[in-house]
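Okay, structure first, notes after.
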Amino acid sequence: MRIAVGSDHAGFYLKDALSRMLRDGGHAVVDMGTDSDAAVDYPDYAEAVGLAVRRGEVDRGVMICGSGVGASVAANKVHGVRAAVCHDTYSAHQGVEHDDMNVLVLGARIVGEALAAEVLASFLGASFSEAERHRRRLGKVRRLEKRDWTGEGGGAG
């Protein structure tokens, strides 16, 4: 599998460790940066990972920042990206199986290397279920992406 990995300065060391693990596991890693622990802005790297996923240059993405929250917010602004912060294995595989999550976000200040490796393995080992209810819900998510939010409208249904 081709995996785009990116991080800000807070996630730099975890990104390098997970990248080595991925390569050792036979995956092709596309490193989107950053290249050191010097302070940078997470949206730049979340965008790079998200665009690689959106364009089909990679199969999935992994983004790491301090808590995972900012990177998740930023990655989800890229059309076609479904990113989530996951710090447990259940959420990592369930997010793919039910929601077709394509970018895993981790908080380097929240999880250690061993747990991050387990969460990543769970994310990569999962596939979208294709169940009717999950396809229907994903269709609604895609419609939300296409909506023009400059005006009023919407609602449940």
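Observations on the structure shown:
- Answer residue from segment 55-69, given it is without any contact (Cβ under 8 Å) to a residue 40 or more places away in the chain and farther than 11 Å from ALA4 by Cα and is nearest to the chain's Cα centre (by Cα) among those: VAL69
- Hey, ARG2 more than 29 Å from ARG142 (Cβ to Cβ), of a type in the set (D, E, K, R), more than 13 Å from the chain's Cα centre (by Cα) and surrounded by fewer than 24 Cβ atoms within 10 Å (Cβ to Cβ) or not: no
- Any hit, segment 56-77, residues being among the hydrophobic types (A, V, I, L, M, F, W, C), within 20 Å of SER127 (Cβ to Cβ) and touching a Ser or Thr at 6+ places or on another chain (Cβ under 6 Å): no
- Every pair of residues 6+ apart whose Cβ atoms lie under 9 Å, when the first sits in segment 77-101 and is in contact (Cβ under 8 Å) with a residue 60 or more places away in the chain while the second is buried (at least 16 other Cβ atoms within 10 Å of the Cβ) and in a helix (DSSP H, G or I): HIS79/GLY50; HIS79/ARG54; GLY80/GLY50; GLY80/VAL53; GLY80/ARG54
- Within segment 22-57, the set of residues being among the hydrophobic types (A, V, I, L, M, F, W, C) and within 21 Å of MET101 (Cα to Cα) comprises LEU22, ALA28, VAL29, VAL30, MET32, ALA46, ALA48, VAL49, LEU51, ALA52, VAL53.
One line per residue, one yes/no per condition, for (1) in contact with a strand residue (DSSP E or B) (Cβ under 6 Å, 6 or more places away or on another chain); (2) modelled with pLDDT of 95 or more:
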residue	(1), (2)
GLY107	no, yes
VAL111	no, yes
LEU115	no, yes
PHE123	yes, yes
ALA131	no, yes
HIS134	no, yes
ARG137	no, yes
ARG147	no, no
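- Any hit, segment 65-76, residues being among the hydroxyl-bearing types (Ser, Thr, Tyr), touching a strand residue (DSSP E or B) at 6+ places or on another chain (Cβ under 7 Å) and buried (at least 16 other Cβ atoms within 10 Å of the Cβ): yes
- Residue match in segment 32-42 (condition: at pLDDT 95 or above, over 19 Å from VAL141 (Cβ atoms), crowded, with 17+ Cβ neighbours inside 10 Å and of a type in the set (Phe, Trp, Tyr)): yes
The values are calculated or read from the model by the stated rules, or taken from the named source; none is laboratory data. Just so it is clear, the structure is predicted and the values come from calculations on it, not from any experiment. For neighbour counting, all protein chains shown are included, and Cβ atoms are generated from backbone atoms with ideal geometry for every residue, glycine included.
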